[in-house]
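One structure is given here, and the rest of the page talks about it.
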Amino acid sequence: MKILKVGICGWGNVATGLFRAVNENAEAIKLNSGANFSIEVIGARRDNPECDPGKTLIERDIFALLDHDIDVVVELIGGVEVARELILKAIKNKKHVVTANKAVIYHHGDEIFQSARDHGVRVLFESSVCAGTPIIKLLKEELAANKVSKISGMLNGTSNFILSNMEEGEDFDATLRLAQEEGYAEPDPTFDIEGMDAAHKIGILSSLAFGTALPPLDFHIEGITKIDKSDFHYAMDMGYTIKHLAVAKIDNGMVELRAHPALINLNSHLANLKGVRNGMEIDTDLIGKIHIAGSGAGQESTASGLISDLVHLYFSVDVDTSSAANNKINPPMSDFSELFFQYYFYIEALDIPGVMASITSLLASRKVGIESIVQKEELSRESVPIILITDPFKEADHSLLCKELLNLDSVRAIRSIRIEAE
Ligand code: HSE
């Protein structure tokens, strides 16, 4: 192929970042990869004062882009339903697709990939997970010889930014505002702080590593809104910090998918990734643990991932994809309530004799072992924090235990966070 003809659909932050990077880094792209592509047309409903497209053709009707003589449509309109329609139409028109849209891949990936196989085109989505930090092609190609058993890490930059700042004593709300100002957070930040964004990303990685469905059939998703900054202080005293972890794991042929806050060892690789960075740990059979970290959000990082897909397409566009394997095996999913976790509990209790005994005898009656239990310095004249680390117990028993602890006369409030096994 002499030149890959590209149409960009969407003209927001990500699209203009791609346009700029393609133009400004044209020499580097050619030198590094030998690929040669040109942006032929942009589907933009309106102008963007941040970027002058020069002489590039503009289509106001984004679907009209598909009538142009282009090899690939870069879908950057965001959202789910219109993006799905555009991608499926592009595929039917025999255009390859590159997208950074994690939500559309998470919700409609299986349908989109099947259609691409049926029409002999490729759909690439490197930037949909961790922006330009390489993970999709790494899993699909570079690690193809390996059996992956676990992928875990921080896949939402905003949550990692907020938690890292809380670790330093900052408040949740102020840090979230900062993340919004810096442009890390999603337009609706509840997607970041309630765990959906990380869930989208680990769902996509699990489909690549384990053949789970898109959308996944089962998922446990929790965000970071219930964490208090004092939890960091207590966790650190015991050699842990708190991260929002997204985990996909296969065990005896059963896949578990979960995204939730977790205590992790302070000395671990993931614990030391602060700020907006994303980081992943991948357990493989042939090369052991692999660590990847990088910027997982922002215009430039996303442009880097999109360009890597274009380079990849440049060299593979003429490859016959009709025999491409459908790696969907839809393995059975673990029932989250049947999994075992160790737990950290913060228990705010009255400072009266017998309070420890009432807590420990409740745990004993529920057959939950205690790894450690410490009474900390008083919060006020009447109440003290008690920090409890349990032995592993079944997730199904957790909410009942929380309820029963709260029912104790001496207990005023509790919080609990899972501890991620190493
Ligand atoms: N809001 C996302 C994050 C951006 O904070 O990681 C990239 O998906």
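The values are calculated or read from the model by the stated rules, or taken from the named source; none is laboratory data. Because the structure is a prediction, the values reported are computed rather than measured. Neighbour counts are summed over all protein chains in view; Cβ atoms, including those assigned to glycine, are modelled from backbone coordinates with ideal geometry. Heavy atoms of the whole protein, side chains included, go into the accessibility calculation; ligands, DNA and RNA do not. Shrake-Rupley method; radii C 1.70, N 1.55, O 1.52, S 1.80 Å.
Flag set for Gly288, criterion: out of contact with any Lys or Arg (no Cβ under 6 Å at 6 or more places or on another chain), without any contact (Cβ under 8 Å) to a residue 40 or more places away in the chain and open to solvent by less than 60 Å² (accessible area, probe 1.4 Å).
So how many residues does region 120-141 have that are out of contact with any Leu (no Cβ under 9 Å at 6 or more places or on another chain), modelled with pLDDT under 95 and in a helix (DSSP H, G or I)? Summing the residues that are out of contact with any Leu (no Cβ under 9 Å at 6 or more places or on another chain), modelled with pLDDT under 95 and in a helix (DSSP H, G or I) in region 120-141 gives 1. The residues of region 200-232 that are more than 16 Å from the ligand (Cβ to nearest atom), open to solvent by less than 60 Å² (accessible area, probe 1.4 Å) and of a type in the set (A, V, I, L, M, F, W, C), listed by number, are Leu208, Ala209, Phe210, Ala213, Leu214, Phe219, Ile227, Phe232. Got a number for residues in region 400-421 being of a type in the set (Asp, Glu) and in a helix (DSSP H, G or I)? Number satisfying all stated conditions: 1. Residue pairs whose Cβ atoms lie under 6 Å apart, separated by 6 or more positions or on different chains, with the first residue in region 292-307 and within 18 Å of Asn160 (Cβ to Cβ) and the second assigned to a strand (DSSP E or B) and within 11 Å of the ligand (Cβ to nearest atom), are Ala293/Arg277; Gly296/Asn278; Ser301/Ser295.
Close Cβ contacts (under 6 Å, 6 or more residues apart or on different chains) running from residues in region 271-285 that are within 16 Å of the ligand (Cβ to nearest atom) to residues that are in a loop (DSSP other than H, G, I, E, B) and open to solvent by less than 20 Å² (accessible area, probe 1.4 Å) comprise Asn278/Cys130; Asn278/Thr133; Asn278/Leu155; Asn278/Gly296; Gly279/Leu273. Only residues that are touching a residue at least 60 places away in the same chain (Cβ under 8 Å) and assigned to a loop (DSSP other than H, G, I, E, B) were counted in region 334-371, giving 3.
To keep it simple, each residue is scored yes or no on (1) assigned to a strand (DSSP E or B); (2) within 15 Å of the chain's Cα centre (by Cα).
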| residue | (1), (2) |
| --- | --- |
| Leu263 | yes, no |
| Asn267 | no, no |
| Ala271 | no, no |
| Lys274 | no, no |
| Ile282 | yes, yes |
| Ile292 | yes, yes |
| Ala297 | no, yes |
| Ser308 | no, no |
| Val311 | no, no |
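Given the condition away from the ligand (no atom under 16 Å from the Cβ), closer than 21 Å to Ala213 by Cβ and more than 20 Å from the chain's Cα centre (by Cα), answer yes or no: does some residue in region 148-163 qualify? Checked region 148-163: no residue is away from the ligand (no atom under 16 Å from the Cβ), closer than 21 Å to Ala213 by Cβ and more than 20 Å from the chain's Cα centre (by Cα).
Only residues that are open to solvent by 30 Å² or more (accessible area, probe 1.4 Å), without any contact (Cβ under 8 Å) to a residue 24 or more places away in the chain and part of a helix (DSSP H, G or I) were counted in region 166-186, giving 6. Residues satisfying the criterion are present in region 105-115 (criterion: modelled with pLDDT of 95 or more, under 14 Å from the mean Cα position of the chain (by Cα) and either within 16 Å of the ligand (Cβ to nearest atom) or closer than 29 Å to Glu81 by Cα (or both)). Do the conditions hold for Asp197, that is, is it surrounded by 21 or more Cβ atoms within 10 Å (Cβ to Cβ), within 16 Å of the ligand (Cβ to nearest atom) and acidic (Asp, Glu)? Considered against the rule, which asks whether it is surrounded by 21 or more Cβ atoms within 10 Å (Cβ to Cβ), within 16 Å of the ligand (Cβ to nearest atom) and acidic (Asp, Glu), Asp197 comes out as yes.
Of all residues in region 55-74, those that are in contact with a strand residue (DSSP E or B) (Cβ under 6 Å, 6 or more places away or on another chain), charged (D, E, K, R) and under 17 Å from Lys94 (Cβ atoms) total 1.
Here Ala179 passes the criteria (1) within 12 Å of the ligand (Cβ to nearest atom); (2) under 16 Å from the mean Cα position of the chain (by Cα); (3) among the hydrophobic types (A, V, I, L, M, F, W, C) except the one numbered (2). Pull up region 124-147, narrow it to residues that are closer than 20 Å to Val72 by Cα and among the charged types (D, E, K, R), then point me to the one that is farthest from the ligand (Cβ to nearest atom). Ranking the candidates gives Lys137 first. For Ala421, the test of being open to solvent by 30 Å² or more (accessible area, probe 1.4 Å) and modelled with pLDDT of 95 or more is failed.
Can you spot a residue in region 233-248 that is surrounded by fewer than 21 Cβ atoms within 10 Å (Cβ to Cβ), at pLDDT 95 or above and within 16 Å of the ligand (Cβ to nearest atom)? Looking through region 233-248, none of the residues is surrounded by fewer than 21 Cβ atoms within 10 Å (Cβ to Cβ), at pLDDT 95 or above and within 16 Å of the ligand (Cβ to nearest atom).
Residue-level check: of (1) within 12 Å of the ligand (Cβ to nearest atom); (2) farther than 30 Å from Asn330 by Cα, Glu168 misses just (1).
Residue by residue, here is whether (1) polar (S, T, N, Q); (2) away from the ligand (no atom under 16 Å from the Cβ); (3) at pLDDT below 95 holds:
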{"residue": "Leu263", "(1), (2), (3)": "no, yes, no"}
{"residue": "Ile290", "(1), (2), (3)": "no, yes, no"}
{"residue": "Gln299", "(1), (2), (3)": "yes, no, yes"}
{"residue": "Phe315", "(1), (2), (3)": "no, yes, yes"}
{"residue": "Asp320", "(1), (2), (3)": "no, yes, yes"}
{"residue": "Asn327", "(1), (2), (3)": "yes, yes, yes"}
{"residue": "Pro331", "(1), (2), (3)": "no, yes, yes"}
{"residue": "Ser334", "(1), (2), (3)": "yes, yes, no"}
